[in-house]
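For reference, the structure discussed in these notes is given below.
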Amino acid sequence: MSGRVVREPRSLLVTGGAGFVGSAFVRYLLGQADFRGTLVNLDLLTYAGNLENVAAVADDPRYKFVRGDIADGELVGRLVREHEVDTIVHFAAESHVDRSIVAPSAFIETNVVGTFRLLEVARAAKSVHFHHVSTDEVFGSLGPTGAFREDTPYRPNSPYSASKAASDHLVRAYAHTYALPITLSNCSNNYGPYQFPEKLIPLMIMNLVEDKPLPIYGDGLNVRDWLYVDDHAEAVWRIVRSGRAGETYNVGGEGERTNLEIVRLLIDCVAAETGKARSALESLVTFVRDRPGHDRRYAIDFSKIQQELAWSPRRDLASGLRETVRFYLDHRGWLERVRTGAYRDWLRENYEQR
Ligand SMILES: NC(=O)c1ccc[n+]([C@@H]2O[C@H](COP(=O)([O-])OP(=O)(O)OC[C@H]3O[C@@H](n4cnc5c(N)ncnc54)[C@H](O)[C@@H]3O)[C@@H](O)[C@H]2O)c1
């Protein structure tokens, strides 16, 4: 590590900490015995937010959950003042590309306007470090070779990636114009526990377990780089603590695979774990009409975070996928509650009545 910067955040405001990646970050950080600060998790609990994802840390004295909207500047301002927040780590977003194609409005409200309101609070507070979590999708689509670098021009293609790109630009502009201390990360596709089962990997695992068709877009040859979500959480914490202010870091998994390859790897894992016949699972593969404007290939050059902050992914794809398949097999109740919507009842019974 460069040894250059070491921030010791004492009071974090984490947005979107009940979602897939944010909850992994919350569990990761509170799992660090030497973290002596406090963490307020601000989450609106949209369809993608689930307090079960953070149930393991709910009673940790360093942790507090607040249900609310990042676009509510008054609420965020109050939280920052009351908790003397020194660091905001911003995960909250609308995150599903397909939803953004059907109904883009919420993506603009949360990803663009919501980020703007948070930045305004950070600007008013003066001494808050703002870490913005973003995606490699802002860079657009690659041909068969090459990889996104931090200086690759932005070329977002979906309403989701355009809204994330807009939020990245706002964050940079606040650093440039108002000298707001910021860091930014652009990460490739994540997989792992507690991912909402509308996304490729949990959807495929669920369908494999239930012998249902495995819908694959187009020819199945779109390439994504896959990173285990806990590795992303570690990268974010490393950047928050030691990233140079004003800088962006690309985060990737060295896990480039076509969607079809991912599905075949999952078939192998599910067959090994359940004893189901591989050929029967393979016959479930079904090609469906491609997503409009579907990006062909993403790949990430993450040499900057490797060299400056000594971060590399800990899990390779094979072991990460095995762990992920085991998680979903062992958490059928979680999957069922999310799929049927019963997790919302849990929320009503356990949270809203308080
Ligand atoms: N999942 C990935 O593969 C991936 C990869 C790179 C970057 N990212 C980024 O990581 C972040 C989190 O992604 P994710 O996959 O965990 O998403 P997610 O959809 O699983 O979770 C989003 C969370 O944000 C909350 N939220 C939504 N709108 C809110 C609002 N207005 N106010 C407060 N909370 C709100 C939701 O309730 C949910 O808990 C996003 O910014 C996304 O762009 C995700």
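If one puts a single equal scatterer on every Cα of segment 1-128 and applies the Debye formula without solvent, what log₁₀ I(q)/I(0) results at q = 0.18, 0.19, 0.20 Å⁻¹?
So the normalised log intensities work out to -0.98, -1.07, -1.15.
Under a 10 Å cutoff between Cα atoms, tell me which one of ALA280, ALA106, ALA93 has the largest fluctuation in the Gaussian network model of the chain.
Maximum among the listed residues: ALA280.
I'd like the distance separating the alpha-carbon centroids of segment 286-351 and segment 122-187, in whole Å.
Using only Cα atoms to place each centre, the spacing works out to 21 Å.
Among rounded, prolate and oblate, which fits segment 202-354 when a ≥ b ≥ c are the square roots of the eigenvalues of its C-alpha gyration tensor, a/c under 1.5 means rounded, and a/b larger than b/c means prolate?
oblate
Calculate how steeply helix 115-125 sits against the longest principal axis of the alpha-carbon atoms of the chain, using the helix alpha-carbon long axis, and give the answer as 0 to 90 degrees to the nearest 10.
Between helix and principal axis, roughly 30 degrees.
Determine which aspartates and glutamates satisfy two conditions relative to LYS276: a Cα distance under 13 Å, and not lying fewer than 8 residues away in the same chain.
GLU210, ASP211, ASP268
Quickly rank 323-329, 23-29, 118-124 as a protection proxy: mean count of other C-beta atoms within 10 Å, highest first.
Highest mean packing first, the order is 23-29, 118-124, 323-329.
For the chain, give the magnitude of the charge dipole about the Cα centre (Cβ charges: +1 Lys/Arg, -1 Asp/Glu; no others), in debye to the nearest 20.
340 debye
Setting aside same-chain residues fewer than 8 positions from LYS199, which lysines have a Cα under 17 Å from its Cα?
Within the straight-line cut-off, LYS199 pairs with LYS212.
Tell me, VAL57, VAL85 in order of fewest to most beta-carbon neighbours within 10 Å?
VAL57, VAL85
For the chain, set up a GNM with springs between Cα atoms under 10 Å and report which of GLY114, GLY37, GLY19 has the largest fluctuation.
Of the options given, GLY37 has the highest mean-square fluctuation.
Within 11 Å, Cβ to Cβ, of ARG149, how many net charges do the neighbouring residues add up to if Lys/Arg are +1 and Asp/Glu are -1?
Every neighbour counted, the sum reads -3.
In degrees, nearest 10, range 0 to 90: what is the angle between the Cα axis of helix 159-178 and the longest Cα principal axis of the chain?
So the inclination is approximately 20 degrees.
In what order do ILE205, ILE108 fall by count of nearby beta-carbon atoms within 10 Å, going from fewest to most?
ILE108, ILE205
Sort TRP334, TRP226 so that the residue with the fewest other Cβ atoms within 10 Å of its own Cβ comes first and the one with the most comes last.
With the fewest neighbours first, TRP334, TRP226 line up as TRP334, TRP226.
Quote the Stokes-Einstein diffusion coefficient, in whole µm² s⁻¹, for the chain, based on the Kirkwood radius over alpha carbon pairs, a temperature of 10 °C and a viscosity of 1.306 mPa s.
Answer, rounded: 77 µm²/s.
Only the coordinates and a few stated rules stand behind these numbers; no lab work does. Quick caveat: nothing in here was measured; it's all calculated off a predicted structure. All Cβ positions, glycine included, derive from the backbone under ideal geometry; neighbour counts span all protein chains shown.
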